[in-house]
Amino acid sequence: MKFFQAQFKLALLFILTFSLPTAWAGENTALNLLKNSSVSFEKPSIPEVKLKIIGVKLKKNQITELPLFAFSRTTSDISAYLVAAIDDASQTIEVALYGFTLTNVAEALVRAKDRGVNVRIVINQKHTFVRRSEEIQYLIDNNINLRTIRGVGSYGIMHNKIGIIDNRILSAGSFNWVVSANVANTENMIFTADTKTIRGYSRAFEWMWTNSRSLEDGQDYGSYPPNHFGPAPADTRPSLEFHGIKFPSYSFSPRGSTQNHIIAAIGAAKKRITAAIFSFYSLPVAEALVKAAKRGVDVKIVVDKVQASQSPVIKYVWENGVKLRWSRGHNKGVMHHKYMVADEGLLMTGSFNWSNNAQNNNFENMFYTTSGYYIKGYIQEFNEVYELAYTPTAEDLAEDDEKGFPGKSVGNNVPSAFEYYDPSDPYIEFSN
């Protein structure tokens, strides 16, 4: 018996002797992988969220677990998670993006292609032909399978921020794969391994890919009719229950059901609505928020200051009982979140701004969940952003032509949906 105990101790000592240096080597390898990041930092990012959450497992990367969510204010480098997920891929990577300026992520995508992963990227047409970044050119020069697309009408854009790894990991949220999102804007990114949700996003990617154009086809000018791309993929078996209403796990634009679901969730809320929205121009959503506030729901929203100063909808909700604050990014950027939590029971987040462009013209997505892990984290983020935000005065919100307001409204201070231009966010969001 003593002989076996001695042998066991020797074996344990052998394991510790060799495993600890290996663990440190893995940490050093992870740091080396991130040296080319577009921002400077001293260690791999750890979400500073005061929650115990269940992460999304990676198979073979130095970062062995992805968080369920990450916020740019409290995570030193969200792009490190994208690199980790991409480096973990063994079969397929599907990416749908508005803009792209993250060098370390571009390099990870090329590494994946070089080891035999099937990498496909569909990106906003304008940012490929008119404002092509060095990173997009790098992908093209390294023979990444990249195609372009734009939305319907004259102003429609590809506005998604989606990554699908091996059909087992999904990333989405407000986070564009650009430097400003990583270091300046107030942003969020979600990760999930939910198979139903990933199947839905995969169908949406194939829909966009089928309708996209090769680089050889060049830039496509003109204006597409509303039904040009056909119906957006939809969750035909909604399974998320909130106050007796079934909500989907995902929805897509153009011409999808997202705005209707936002209005339905607002209408079903009984106690509290919190929303952080970059661009708010939707009159139907504004009217739903006002109705909720008037029936006693505690409605709080925080919006980007620059976008809010151009939207008459903001003045309307502020005058009608909605608690409104506006903010900028945490580092001279923009407040770029696009999410809402209703009664601490339903979270909606994605690329979808509350605007006509998002609903009818752009390629967008919305992720839905009733999971407490996600909801608690997003509420905490909202509370902190809202606390730091500024409460506008009547003078700030005065209708003034110099601020971009049309100067008139209709019926009970409700702005006409046809009297103002909805710029969405292409020019602000891509800036570095």
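If you check V334, V322, V302 for being surrounded by 21 or more Cβ atoms within 10 Å (Cβ to Cβ), within 19 Å of F352 (Cα to Cα) and modelled with pLDDT of 95 or more, only one passes: V302.
Restrict the check to segment 364-384 and report whether at least one residue is assigned to a strand (DSSP E or B) and surrounded by fewer than 18 Cβ atoms within 10 Å (Cβ to Cβ). Within segment 364-384, not a single residue is assigned to a strand (DSSP E or B) and surrounded by fewer than 18 Cβ atoms within 10 Å (Cβ to Cβ). Checked against the criteria, Y98 counts as among the aromatic types (F, W, Y) and closer than 20 Å to F252 by Cβ. Among the numbered criteria (1) in contact with a Lys or Arg (Cβ under 7 Å, 6 or more places away or on another chain); (2) without any contact (Cβ under 8 Å) to a residue 60 or more places away in the chain, which one does K294 miss? With (1) in contact with a Lys or Arg (Cβ under 7 Å, 6 or more places away or on another chain); (2) without any contact (Cβ under 8 Å) to a residue 60 or more places away in the chain applied to K294, the lone miss is (1). Looking at this structure, is F229 touching a Phe, Trp or Tyr at 6+ places or on another chain (Cβ under 9 Å), in a strand (DSSP E or B) and not charged (D, E, K, R)? The answer is no for F229. Picking from residues in segment 86-98 that are within 16 Å of the chain's Cα centre (by Cα) and either of a type outside the set (S, T, Y) or outside any loop (DSSP other than H, G, I, E, B) (or both), the one that is nearest to N124 (Cα to Cα) is L97.
Here is the figure for segment 125-139: residues that are in a helix (DSSP H, G or I) and of a type in the set (V, I, T) total 2. Across segment 250-289, the qualifying residues are those that are of a type in the set (V, I, T) and crowded, with 21+ Cβ neighbours inside 10 Å, and the one among them that is nearest to Q380 (Cα to Cα) is T274.
The values are calculated or read from the model by the stated rules, or taken from the named source; none is laboratory data. All of these numbers come straight from a predicted model, not from anything done at the bench. Here the Cβ is made from the backbone with ideal geometry for all residues, glycine too, and neighbour counts use every protein chain on show.
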